[in-house]
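The values are calculated or read from the model by the stated rules, or taken from the named source; none is laboratory data. What you see is a predicted model; the values in this text were computed from it and never measured. Reconstructed Cβ throughout: ideal geometry from the backbone, glycine too, with neighbour counts over all protein chains shown.
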Amino acid sequence: MSLQRRTPLTIGLGVAAAVLVAGGIATAVTLNGKDSGAGDDKRIETAVRDFYGALSSGGASQAVGKTCAGDRAQYDALPEAQKKAMDQGKVSMKVDSVEGITITGDRATAITLGTLTLPGTADSKRSTNEHLRKEDGAWKVCSTDAK
């Protein structure tokens, strides 16, 4: 598939798998990014960690459940063969920190710093910009907002 034909979600998940960092365990103060007393900054950090934790453990098919409606619609429209190929590229990621969170209404950006491990390669420190959207009271990673 040529680069011009890739959707933002495909590119976002591909970049996440190849460049971004994550992992970690969600804190006890939130459940799937929903509020149980913590501020938006903490819920955003948890949403980012949850997304990359799911990507690390179950591939794109699990991680897409942690994304906004626009990303899920794009993923659902992909051919089954492409979804399967995305799941086969296992990645281990560990989030060191989520910083520089900026919230504007129901959208947010943040910078994720951490360590990426790809099979057959040395660990590497990475930094990436994240886009998130608040849906039904929960923050979700939203690569379609990166346009």
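Things worth noting here:
- Number of the condition not met by A69 [criteria: (1) modelled with pLDDT of 95 or more; (2) buried (at least 16 other Cβ atoms within 10 Å of the Cβ)]: (2)
- Subset of segment 77-100 (residues that are in contact (Cβ under 8 Å) with a residue 12 or more places away in the chain, more than 18 Å from S56 (Cβ to Cβ) and either crowded, with 16+ Cβ neighbours inside 10 Å or not hydrophobic (A, V, I, L, M, F, W, C) (or both)): L78, Q82, E99
- Among the residues of this structure, G23 counts as one that is at pLDDT below 95, surrounded by 15 or more Cβ atoms within 10 Å (Cβ to Cβ), on the phi > 0 side of the Ramachandran plot and not in a helix (DSSP H, G or I).
- Matching residues in segment 50-89 - criterion: being more than 15 Å from the chain's Cα centre (by Cα), within 21 Å of A146 (Cα to Cα) and aliphatic (A, V, I, L, M): A73, A77, L78
- Among the residues of segment 45-58, those identified as of a type in the set (A, V, I, L, M) and crowded, with 24+ Cβ neighbours inside 10 Å are A47, V48, L55.
- Among the residues examined, D136 qualifies as touching a strand residue (DSSP E or B) at 6+ places or on another chain (Cβ under 9 Å) and surrounded by fewer than 15 Cβ atoms within 10 Å (Cβ to Cβ).
- Matching option when the condition is in contact with a strand residue (DSSP E or B) (Cβ under 6 Å, 6 or more places away or on another chain) and assigned to a helix (DSSP H, G or I), among A85, A63, A47: A47
- Any pair with Cβ under 7 angstrom, 6 or more apart, that starts in segment 101-125 at a residue that is farther than 18 Å from S143 by Cβ and ends at one that is part of a loop (DSSP other than H, G, I, E, B): L113/V21; T115/V21; T115/D123; T117/D123; L118/V91; P119/K90
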